[in-house]
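Take a look at the structure below.
The values are calculated or read from the model by the stated rules, or taken from the named source; none is laboratory data. Computed from a prediction, not measured in an experiment: that's the story for all the values here. Cβ atoms come from the backbone with ideal geometry, glycine included; neighbour counts cover every protein chain shown. Heads up: the accessible areas ignore ligands, DNA and RNA and are worked out on the full protein's heavy atoms, side chains in. Shrake-Rupley method; radii C 1.70, N 1.55, O 1.52, S 1.80 Å.
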Amino acid sequence: MALLSVQGISVSIGALNPLEGITFDIDKGEILGLVGESGSGKSLTAMCVMGLLPRIGGSITKGSIVFDGRDLIGLPEIELRRLRGKRIALISQNPMTSLDPIIRIGAQIDQVSNLHLGLSAEAAKARSLELIAQLRIPEPAAIHRAYPHQLSGGMKQRIVIAMALAADPDLIVADEPTTALDVTIQAQIIQIMVELVRDRGLALMLITHDMGVVAQACDRVVVLYAGRVAEMNGIGEIFAEPKHPYTRELIRCIPRFGQAPGSLKGIPGTVPSIVDYPDGCRFNPRCSNAQALCRDQAPALEPKSSGLAACHFSEV
Amino acid sequence: MDASVPRDDSLVTITDLTREFSSGDGFMKPRRTMRAVNDVSLDVPRGKVTGVVGESGCGKSTLARLVLRLLEATEGKVIFDGKDLATQSQSEMRKLRRQMQMVFQDPYSAIDPRYTIRRALLEPFKVQGEAKTAAEGKATVDELISMVGLSPRMMDSFPHQLSGGQKQRVGIARALALRPSFLVLDEPTASLDVSIQAQIIDLLESLKEELGLTYLFISHDLSLVRYFCDRVVVMYLGRVMEILPGAETQPRHHYAHALLDSNFEPDPTRRKIVTMLGGEIPSPFAKIPGCAFVARCPAASDICKRERPPLTRLGDGHMIACHNPMD
């Protein structure tokens, strides 16, 4: 059984229904990419998994989120708190949402293993220093004493990753962890994070809009479009033979080395706004293959020759 | 230096351009100066796309503003179409600005939120003191709007009613209003989704052909720059590290190589082990006597610490500033 299994969840926030029928699972030792453009519901999906939806006034109206055999929906806040940080850790895009500006770096990492693993002050410090070193930060002892503002953005994000690893979680949810960083720093952090996750056999849910990062790091991919799953497939299949036209078009939008000038075409139209979702398949106004059926009826997420896709006229 | 020799085919020639900024008032805080752009020379060939790529703090946006004289240079020259920008009077500069326009990263901050699209597109003519009758104005706006692929229905919309991609199209239409020959594109797609980014790049490509434009394209995205640009200028900490004559040319500067190596291709069969650069980008206030990249360079030798490598010619259009280039 998968470590985390999300089955058909729908979310409402006030009168809006930003997510509909989101389905995917992650096994131990697996890196799952969650990709999509802005407004597709990537971060909201992360919030569902973390049980943070009530904080923004949202609620899950349908479906289940089963983590290690337990349904997280309806779990009392006190139980969720035990899971968060200890068994499911979050890495967010902006490291300063996770770091307290007036507490030393060391104390913030120590606190995680102290709280969740019950380590003594010395043991927690030793563990933090080890983690800092594993993230290839030079002079761990000096960093342990430093305040967040003394570090660069890339260093701060590494500290947040160290904090996420400190309690030995089973699942890490990383929401665009390198989007705010420069490319050379991004490449290093993705590499280190993937290495650590693989070494420890953790599950990683990597949320990103960057198909290059997905290609480099993930085992399987869920593609979201306008609050629904368009496709879920293995990494090789997603790039070699995508089953949903949106996936295919999305990959075609990335310039490749050696590509002929003038051959880069975008997807016509724009991502629909949540207040104005089209009927039927939400991709139909932008799809070159849309038929009458696509405008009338939302396609179900179904098994194809590989993976799952929600398309009436799915490519083989 | 080769790059500074004005050539017939270059629309813009930049020679030894430097811009300093200072912080601290010298009273409570010591005054410190940084060189955001440090002795940069390059030319922008007519009818081509010259790309400037680098990470944050490399001076690429400052360079963009200096080239249009939106910022005054501390030292050095920008020659546009044979005219030295620094010696132009304000009114001459205003006339010259018809020729050179900029497209900004964030189109929302470039357009007054209280202006309709129609008014925003007519504003450049007003600034230039060019009166238009209502009919002329409508014809102009119609033409501009269809040129960038927007529907005429949007003329009376406000910026907040448009999506990011549509706003950027308005930004481009406005830059084109006065029929310039030269556009500086400062990360025009950095805040857009990839499907929209590709649309905008496609549009910029066809406008360039149609109108015979010359572009200076500023970006941090190397794969985009390699696709879109005829020449690629790699900057680091205010300095030019390497100028590549085309996308196929392999970089020989260690920084340019690292930048390329950090770029993940959208192809899972081509995963790679990234070479880890040691250290961080130094503070822009640091005074570095030698090569700016010396602290992180795997091939750094003594001379790199002492002497700044000059930008020298490697081959046709290929320039490099490195004492120990890669093979």
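With the convex hull of its Cα atoms as the shape, region A:264-314 has an orientation-averaged projected area of 4.4 nm². The antiparallel fraction among DSSP beta bridges confined to chain A stands at about 60%.
Label positions at A:GLN7 and B:THR275, each projected 7 Å from the Cα along the C-beta direction, are separated by 5.1 nm. Residues of region B:208-234 that bury at least 10 Å² of accessible area once all protein chains are present, compared with their chain alone (1.4 Å probe, heavy atoms only, ligands and nucleic acids left out), are B:HIS220, B:SER223, B:LEU224, B:ARG226, B:TYR227. With all pairs of different C-alpha atoms in the average, the Kirkwood value for the hydrodynamic radius of the protein assembly as shown is 26.7 Å. Separation of region A:150-211 and region A:240-316, taken as the distance between their Cα centroids, equals 29 angstrom. With coordinates expressed along the principal axes, the C-alpha atoms belonging to region B:177-327 extend over 51, 39, 32 Å, beginning with the largest. Largest mean-square fluctuation among A:LYS62, A:LYS243, A:LYS42, in a Gaussian network model of chain A whose springs join Cα atoms under 10 Å apart, belongs to A:LYS62.
Report, for region A:174-316, the % of DSSP beta bridges that are antiparallel, rounded to 5.
The antiparallel proportion sits near 85 percent.
Gyration tensor analysis over the Cα atoms of region B:287-327 returns equivalent ellipsoid semi-axes of 19, 11, 8 Å (largest first, whole Å). When Rg and the Kirkwood Rh are both derived from Cα coordinates, the Rg/Rh ratio for chain B amounts to 0.99.
Using the Karplus relation 6.51 cos²θ - 1.76 cosθ + 1.60 with θ = phi - 60°, the per-residue 3J(HN,Hα) values for region A:229-235 come to 7, 8, 7, 10, 7, x, 4 Hz, with x marking Gly and Pro.
Antiparallel beta bridges, as assigned by DSSP with both residues in the protein assembly as shown, represent about 60 percent of the total such bridges. Here the protein assembly as shown is assigned +1 on the Cβ of each Lys and Arg and -1 on the Cβ of each Asp and Glu. Its dipole about the Cα centre then comes out at about 1200 debye.
Entry note, region A:76-208: relative contact order of 34 percent, from Cα contacts under 8 Å with a spacing of 6+ residues. Per-residue 3J(HN,Hα) values for region A:52-64, derived from phi via the Karplus relation 6.51 cos²θ - 1.76 cosθ + 1.60 with θ = phi - 60°, read 9, 4, x, 5, 10, x, x, 8, 8, 9, 8, x, 9 Hz in sequence order (x marks Gly and Pro). Using just its DSSP H runs of length 4 or more, each adding -39500 (n - 2.57), chain B gives a mean residue ellipticity at 222 nm of -8500 deg cm²/dmol after division by all residues. For the protein assembly as shown, the solvent-accessible area with a 1.4 angstrom probe is 42 square angstrom per residue. Comparing mean-square fluctuations of A:GLY234, A:GLY51, A:GLY258 from a GNM of chain A with C-alpha springs under 10 Å, the top value falls on A:GLY258. Using only the alpha-carbon atoms of region A:80-122 as identical scatterers, what base-10 log of I(q)/I(0) does the Debye formula give at q = 0.16, 0.18, 0.21, 0.23 Å⁻¹? Values returned for q = 0.16, 0.18, 0.21, 0.23 Å⁻¹ are -0.48, -0.60, -0.80, -0.92. In a Debye calculation with equal point scatterers on the alpha-carbon sites of region B:125-224 and no solvent, what is log10 I(q)/I(0) at q = 0.15, 0.18, 0.20 Å⁻¹? Rounded to two decimals, the profile gives -0.65, -0.93, -1.12. Expressed in nm², what is the orientationally averaged projection area of the convex hull enclosing the Cα positions of region A:108-193? Here the figure is 5.5 nm², rounded to one decimal.
Divide by every residue of chain A the summed helix terms, -39500 (n - 2.57) for each DSSP H run of at least 4, and state the resulting mean residue ellipticity at 222 nm, rounded to the nearest 500 deg cm²/dmol.
Rounded to the nearest 500, the figure is -10000 deg cm²/dmol.
Measuring nothing but protein heavy atoms, the accessible surface of chain B at 1.4 Å probe radius is 50 percent carbon and sulfur. With viscosity 1.002 mPa s and temperature 20 °C, the Kirkwood radius over alpha carbon pairs of region A:1-73 converts through Stokes-Einstein to a diffusion coefficient of 171 µm²/s.
Computed from phi, the 3J(HN,Hα) profile of region A:297-305 under the Karplus parametrisation 6.51, -1.76, 1.60 (θ = phi - 60°) reads 10, 6, x, 7, 7, 10, x, 10, 4 Hz, with x in place of Gly and Pro. The share of Cα pairs per 5 Å bin across region B:23-157, counted from zero up to the longest distance, runs 2, 7, 13, 16, 16, 15, 14, 9, 5, 2, 1, 0 percent.
What percentage of all Cα-Cα pairs in region A:117-273 are separated by more than 25 Å?
43
Taking B:ALA247, B:ALA198, B:ALA256 as the candidate residues, the one with maximal mean-square fluctuation in a Gaussian network model of chain B, Cα springs under 10 Å, is B:ALA198.
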